[in-house]
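Some notes on the structure that comes next.
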Amino acid sequence: MASVVLALAIAFGTAGCGFFAPQATTKHYDASDGVSGNVGQIDVRNAIIVTDTTNGTVGNLVVTLVNNDTKSHRIQIEAGDSAASTAYVTVQPGEVKQLGTEPKASTGNVLLSNFSALPGSLYPVFFQYADNTGVQLKVPVLDGQLPEYQSLVPPSIVPSQG
């Protein structure tokens, strides 16, 4: 009987530390180069801007938008200090929408024209919908020098959205 009590005491004593110690897996963090934020029921995840270092006049916003609501939302995305760089994206209920993964396609992108930020800098991007308080993120600007970002480099001229 004493050996059973001793075994239980050792088991609880060594396994019990998980009850008191903070668990890193329960905390959200940005595991990649991008930044994240929340607007109401919309999660903005892993936002980066990829540009071409040779021309550097177009930026490709690469971001994942997650709609945690039961209704669709039209997200306003405003880049920089100018309302001229405003785009609107609709995210359906429960949808995980990725933008910028195919920058040469005619849809599914937020391409920033007259983009002059250099790789390594941070660029302000504002996300908002309806009457929810928006969030401004300082989005990292990257280039295509790393292999994982080469396919995300935008065209040197923004294609017409007609």
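The values are calculated or read from the model by the stated rules, or taken from the named source; none is laboratory data. All figures in this text were calculated on a predicted structure; none of them were measured in a lab. All Cβ positions, glycine included, derive from the backbone under ideal geometry; neighbour counts span all protein chains shown. Side chains included, ligands, DNA and RNA excluded: accessible areas come from the protein's heavy atoms. Shrake-Rupley method; radii C 1.70, N 1.55, O 1.52, S 1.80 Å.
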In this structure, is Val50 closer than 14 Å to Ser151 by Cα, in a strand (DSSP E or B) and not small (Gly, Ala, Ser)? yes
Among what's in segment 40-53 and is at pLDDT 95 or above and among the charged types (D, E, K, R), pick the residue that is surrounded by the most Cβ atoms within 10 Å (Cβ to Cβ). Arg45
Could you check, for segment 91-105, whether at least one of its residues is hydrophobic (A, V, I, L, M, F, W, C), part of a loop (DSSP other than H, G, I, E, B) and farther than 24 Å from Asp131 by Cα? yes
For residues in segment 107-162 being at positive phi and under 18 Å from the mean Cα position of the chain (by Cα), which is least open to solvent (accessible area, probe 1.4 Å)? Gly108
Would you be able to tell me the number of residues in segment 122-145 that are more than 30 Å from Asn67 (Cβ to Cβ) and in a loop (DSSP other than H, G, I, E, B)? 1
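Here is a yes/no grid of residues against (1) at pLDDT below 95; (2) open to solvent by 40 Å² or more (accessible area, probe 1.4 Å); (3) at negative phi:
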{"residue": "Thr14", "(1), (2), (3)": "yes, yes, yes"}
{"residue": "Gln23", "(1), (2), (3)": "yes, yes, yes"}
{"residue": "Asp30", "(1), (2), (3)": "yes, yes, yes"}
{"residue": "Asn55", "(1), (2), (3)": "yes, yes, yes"}
{"residue": "Val62", "(1), (2), (3)": "no, no, yes"}
{"residue": "Thr70", "(1), (2), (3)": "no, yes, yes"}
{"residue": "Ser82", "(1), (2), (3)": "yes, yes, yes"}
{"residue": "Ser85", "(1), (2), (3)": "yes, no, yes"}
Neighbours by Cβ (under 7 Å, 6+ apart or cross-chain): first from segment 59-74, outside any strand (DSSP E or B); second at pLDDT 95 or above and of a type in the set (A, V, I, L, M, F, W, C): Ser72/Val91
